[in-house]
Structure formats: structure tokens, C-alpha cells
Amino acid sequence: MVEFEPFHSAVNRIPVLRDKAQGLAEDGMLPEDLFATGKAPGHDHLEPEKLSGSIDLEMIVRTPLVFGEQTVDTNGPKDRHFIDLPMDGDGGLVVPPTMIKGMISRAYETLTCSRFRVFGDTEDREGQRRPKSKHSDRLTYRGDPASALQLVPLRLEKKNSDGGFTAALLQGDTMVTTDYREGRIVYPTMRAASLQAGMRGHAKLCLKGGLERLERMTPHLKEIRCHMTLCLHGDRGRGARYAYWQVTHIQDNSGKFVEAFRIDDSVTTIEDMDNVPGYVYRSTAEGDSPSKLFPRKHDERVFFDVSRGGPERVVVSEDVLRDYRIVIDSYIAYREEEERLNLPLDKRHRPNRATAEARDGEGAPVELKEGDLAYAVVERNRDGSHFVRQLLPVMIGRRAYRVSPRDLARAQGILPVSDRDGATAADRLFGYVVPEAEDGARRGDVSSRGRLIFGAVDASRAKIGHKEKTLSPVLQPKTTSARRFLTDSEGRTPTDEKGAPLARGEHFASGQFLGAAAYPVHRTLVERKNLDDSGFPRRAQDEVVLAGRKQDNIGVRLTARSWVKIDSRLRCRVSFSNLSRNELTALVWVLTPKNLVPPRERNDDPRTVGFLQMGLGKPLGLGALEVRIAEGGLHVISGKDLGAAYEDLSGCLGESESQTEVSEYSFAEGVRAELERQPWVQALQRAAFGYTDGKEVRYMSLEENKANNQTDFRTGKPKERRGLSPQDLHGDGSHRCTHIPPDEKRAPRSQGPRPRYRRGR
């Protein structure tokens, strides 16, 4: 039994509850100019009551900072990926002001519950290019064995005039239905029979002529007749419990049933069924073996139905066919990503039959035809009949969620601004570009320039480390994993009506909300614990461990040849113009490290502060910066006073501002208290502060993830204490750890003799 240590998730989410924020603004609980939508002010004049001036920022690097240009060295047995800090001609560090802007804009966007300013586009806030994301498409996820047992084999029989099909549900042995019982023990029964595809498996190939003859007798889609035996899996305490039909004899061209497979004596057999008609379904691409598709796969399938009245007929709609194409496209995308990464051929996943045929079509849309076979997700109508929800090419493979990220974001009101009237606080302050402006659109319906200007970054007090650091693999956030990205309408982890964790297929459903990605600060690193002799986090350099063995694949790791050391100091001047008092107050709030501390963690220690983050490796704890307004660094002038200075030629913007105490720009007590009650503010504070219990902030290990994804074979729901999401970053429990319980080993059952039965057709 593996014992897992409690931890804090390195990737989490901050709720984005725009409807709630706007409602509070309409009720006068929060400032409208921060939480309501509206036009960005123009730049052609200064409003008398608005404020202009500058802020001098001081930024202290509290955990090593890694950024710069990435290069690939191909001179060696494996490609190596490097990153180097940008330097000027004199050897001084160059920090792009856009990085500072991106860091601050993320915090301001979160505080004001603004729209996502970037959503699946090709450029992030720090100006770095990244692959285009298809957030408009419905995402797919990998189904689990439990959900696989609920699939119903299906054969398309007739193309209908509306583009859909009439199909037959081939439900297998309907006398057994979906489970075989021994006393109180239930063995869910696979509906499709196993046709072993070679020597590997629970039976011995004994067909004269061997594998070559077997493949000639059982090509893909062929109708055959066969004998089969009901077998039990997991009845000896090893593996999941289920029952399956194993093909043993196949009818040859002469009408004789020849023995193809002899079931191993170690397998418990229950009964036999003779002369069963069915259709061969080979999910493996032509010329491949099943083990190449999936290492433990050794069977193809025979779809059959022995209902007395024959198979049930159902309609497969055009919408279902479109979903099938989405699933196939997701397989193709994964294969193309492996090619893009130039993975060795032996490390790439083999395409299933449907994917291989689609790729051979060179971009032509995936089309199903009469006589094709597939697996169906079916649900019941009120009258007891079935309807098809989804079609799939393989049993344990990818499935489509019901709603796309873009559809959720649209319903949530957080898609990037599309016109001047829909701009949120962050859009109005930092500027925006409408992603898909309409033809003929002008001015604010196309773009708006921000009212902040970030000057050159003074990095003269930066200390550079030159000792190479090979980073742990930084995993790209997989939106498909869902649990790290979704919330309910209150900002909490989505659950079912009983408060239990959702099954995977229940994520990305209507009514759920997208959260903003968050990487909680590693406070132990801020406190200079677990650092190597050069001040770099040890854990950030760890190799991946799988099944107790280190996986040192240098091809997926990034080596920093230079990096910014702890205690380095950066300075930058931010000029602003035409800000409302609330806008400036919100900006000052973000730039005050004490505000980024959860109320339960506050004390009089000046070191108790929160941090903003910048650069690469945030999940590893890198790039935490203490960002504050420098002493005497706030200079403000009103539009009225600035106008008077221009009028009498006594000053101008950049010269006439008065030094102002930061404390003058604070929210009123009622507003401050209301803000700190909101889930998104609490989550921002927790992510910026981290945790004081000394527990590691890390990814879930592969072993933990495997344990956490265990499901009930009968329902497809997570098992008890499984299906856990990252701990909510807000609420009374935001400081608590996530703990994946260890696996519970089942004692093997004693085996006694079982009677065998035979059914004929």
C-alpha cells in the first residue's frame, strides 16, 4: 500500500464571478467604475476630477527568476533546450517592461473580476508566442474502464435523409444484461465479446494456420458466427472485477466451427454460448497489432446481440456524428503534437483505426457509412427506450465534454472584450484589442490604448546566477483535466446534487464556470528553505519519479544557463493618466504586499507579505517578487490642476505632480470589507501568499493521480474519497492540504468449483 503525503496543488484556479461582481456594483456595495462594464475613456482630453501621475515601483526577487530566449542544442545524442537571460552590450540584464505590465495586469484583472484579456489566442500577456488553442472546440477527455463497461456496441444500418443514421444497438448477452452476480458480488459484464488477436492474452491460440488464418477469417466489419465462453476477471483479488465473453470457436467457410482459442486454466469460466452471430470490430489500424495501440491491449471485439426480439433500433443524429468527428480530431491533434515535439517513434502513440483512416484522408472530414461499427454512449428516454448521446471509436479512449470552454466563457461573460461598451476595468486601464473586430468597426470597437505606460526597468542591482539549472518538467496546464480549472457559480469546486465529486464526463457542463489559472507561492522557498548552495530550489530541479524510478528525459526539460538570484532588486516607473480615484486605489491595492495576505495570516511581522509572479516555472515556485511602491514613489495631480498648469505655463505632465502618501488611496472600510468577503479576492490573496504549514506545493504525482481517478465500475462515479480537486483557494479551508488516501488492497477470494452451463442458439 502506497502512502501519499499531504500537499498543496501547484496549479489551482481563482473564481471569476462577473455576474456577482456587477450585482454588488449595482447595489452600491462595490465601485461601479471597477466592477461594471463600460467605455474606456478617450485620450484626447484630461477630465478635471481624474488623476494623472507616476508610480515608482521597487521589486525584490524572493525566489529565483527565469526568463529569456529559448534555444535548442541539437549537437548530442538528445536535443537539449536552454534558456538565457537577455543581456545588453555591456553585460547588464534587460527586463522587458511588458513583463512587468503582464505581472501587474494579471493581479488587477483578478481583483476587479475583469474579463479574460487573452483567451486561447496566439500571444500571452508577456508577449511570448504560444500555440493557438482551439477553445471554441469541445474538449475531450480519456474515459475510464468503468465508463467503458457502460458503452453499447452499435452498427450503422441506414443513412437517413437528414444526414443521420438508423442503427442497431448490439447489446450482447441480454440475459446477463450488464452484470453477472455471485451472491452479493457483482461482476459488470462487457457487452462485446473478446476476440484475442494473437498469442498474448488469457487464451492460447490453437487455430490451425495460426494468426495469419485468424486474420483472414475475422477481417474488420465481417459478420461471423462463433462459440464463446463467459469468463470472470478479478475474482481472485487481482484487478478490477468484471465478466467478459471470450470467443473460442469460429465458423469457417464450410460451416464447421473450428477451435481458435483455448482458455487458460487460471481463468474462471462460468458458461458457454454456441452459434452466436456477430460483427468483427478491429479498432487497431490495418497492419498494426493491438499491443502497439495500447501495451496491455490483446483483444479485438465481436459485437453481438442475442435478444429474442432482435436488436433495438435507434437514431444517430447529425449532432452525434459531429461529436464523433471532434473525438477523432482530438486524436489527430495529439499525434500531430507528438510529431511537432519530434518524439522518437517508439515513444509516440499509435493511431487507432479511425484516426489512421482520417489522417489518410488528408484533411477530409471524418465520415461514417452504412455498415460501420462504433461504441455508443446511450441514455434512456422516459418510455424505457434508448437514445444515442455520443459515438466513440474505442472502448477506453477519448470522449467529448458537453460544452466548450468558449461557450462557458460566453455564458459567464468573461470572453475578451468585443466592443467598446463591454470593456471591464482591466480592459479600460491596460488597453485592449478586439480579437475579431467586425468589418467597418472603428475606435473603441477595434482597440483602446491603455492609460498606463511602463518605463525602462532598472536592473543594475540584479544579481545573476550562471550555474546551469536543469528544471523539472513544467507541465502545460491541460484544460482537459477540468478539476483544476472549473468552479460553480459560488466559486467552489463543482459537485453533484449530493455534494460528491463529479465523474469526469460531468465536467464542462452548462452552469459551470471557468476559473483563472493560479500558481500558489511556495512560501518555504521565500523563507529560503530547501535551496541548494547557489540559492536555487532543489525541488525545481528534481527528475520525474515513476514507479520508484527516475525518468531523466532531458529532451523535455529546460536548462537555465543564467537566472536572477534571490534579493535582486528591480525598479520601474509607471506613468498613468486620467484614472478615477477608485482605479488608482485598486492599482495601489495590488501594489501593496500587505494587501495580498489572507486576513487569517496577518500579523505585525513586516515579512508577512504576499507576492506577484513573473517569468517561467511558477508551478515550481520560481518568479515570486515582492512588488511595492517605493518610498515617496507616488506622484499625483488632478486633471483640473494639470490643466491650470498648462494654461499658465507653470508645468506639464511628468513635472507637476505632487508626492502623495500611499495611504491616501485606500478603499473605504465598507468597500474593503466587502472586497475581502469575495471568493476571487480571497483566492488572489491565498495564491499570492502561499501556505505556512510547511507542506510542499507540488503537482500531484502520477501514482496519486492514478489513485485519485479510480471509479466505481457500476456507476462511473469516483470511488469514495477519490475524484478530489485542488483545495478551493477561498473560504475557511483555503489553507488546508489535499490528501489522496492510499490504495486499499482487497484480500483474494477463496476459489471453489463452479458449475458450468451451456446455452445454444
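No lab work stands behind these numbers, since they all come straight from the coordinates. As the structure is a computational prediction, the values presented were derived from the model and not from experiment. Cβ coordinates were reconstructed from backbone atoms using ideal geometry, including for glycine residues, and neighbour counts include every protein chain displayed.
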Set of lysines with alpha-carbon distance to Lys101 below 24 Å, sequence-local pairs under 8 removed | Lys39, Lys50, Lys132, Lys463, Lys565, Lys594, Lys618
What is the gain in length, in nm to one decimal, between Ile185 and Arg382 on full extension, counting 0.36 nm per residue of separation less the C-alpha to C-alpha distance?
-> 68.0 nm
Whole-Å distance, taken between Cα centres, linking segment 1-74 and segment 427-459 = 16 Å
Any idea what % of Cα-Cα pairs in segment 642-746 are farther than 17 Å?
-> 72 percent
Per residue of the chain, what 222 nm ellipticity follows from adding -39500 (n - 2.57) for every DSSP H run with n ≥ 4, rounded to the nearest 500?
-> -5000 deg cm²/dmol
Rounded to two decimals, what is Rg over Rh for segment 171-310 when you use alpha-carbon atoms and the Kirkwood radius?
-> 0.95
Would you list which aspartates and glutamates come within 13 Å of Lys256, measuring only between C-alpha atoms, while excluding same-chain residues fewer than 8 positions from it?
-> Asp274
Taking segment 589-744 and dividing mean pair separation by its residue count, relative contact order in percent (alpha carbons under 8 Å, at least six apart) = 20 percent
Computed over the chain: longest principal axis from alpha-carbon atoms vs helix 679-689 long axis, angle to nearest 10 degrees, is 80 degrees
Give, as a single signed number, the net charge of other residues whose beta carbon lies under 10 Å from the beta carbon of Cys737, with Lys and Arg counted +1 and Asp and Glu -1.
-> -1
Sequence-separation-based contact order of the chain, relative, with Cα cut under 8 Å and 6+ spacing, percent = 27 percent
According to a simple spin-label model (label point 7 Å from Cα along Cα-to-Cβ), what is the distance in nm between Gln70 and Lys565?
-> 2.7 nm
Check each of the trypsin sites (Lys or Arg not before Pro) in segment 1-101 and keep only those in coil by DSSP with at most 15 other C-beta atoms within 10 angstrom; list them in order.
-> Lys39, Lys78
Quick one: helix 581-590 against the long Cα principal axis of the chain, what's the angle to the nearest 10°, folded into 0 to 90?
-> 60 degrees
Treat the count of other C-beta atoms within 10 Å as a stand-in for reagent exposure and order Ile14, Ile566 from fewest to most.
-> Ile566, Ile14
Helix 318-340 versus the longest principal axis of the chain: what angle, 0 to 90°, nearest 10, using Cα atoms?
-> 70 degrees
Around Val636, what is the net charge, scoring Lys/Arg as +1 and Asp/Glu as -1 over all other residues with Cβ under 15 Å from its Cβ?
-> -4
Specify which labelled value, from (1) 27.3; (2) 32.1; (3) 29.6, agrees with Kirkwood radius over Cα pairs in Å derived from the coordinates of the model shown.
-> (3)
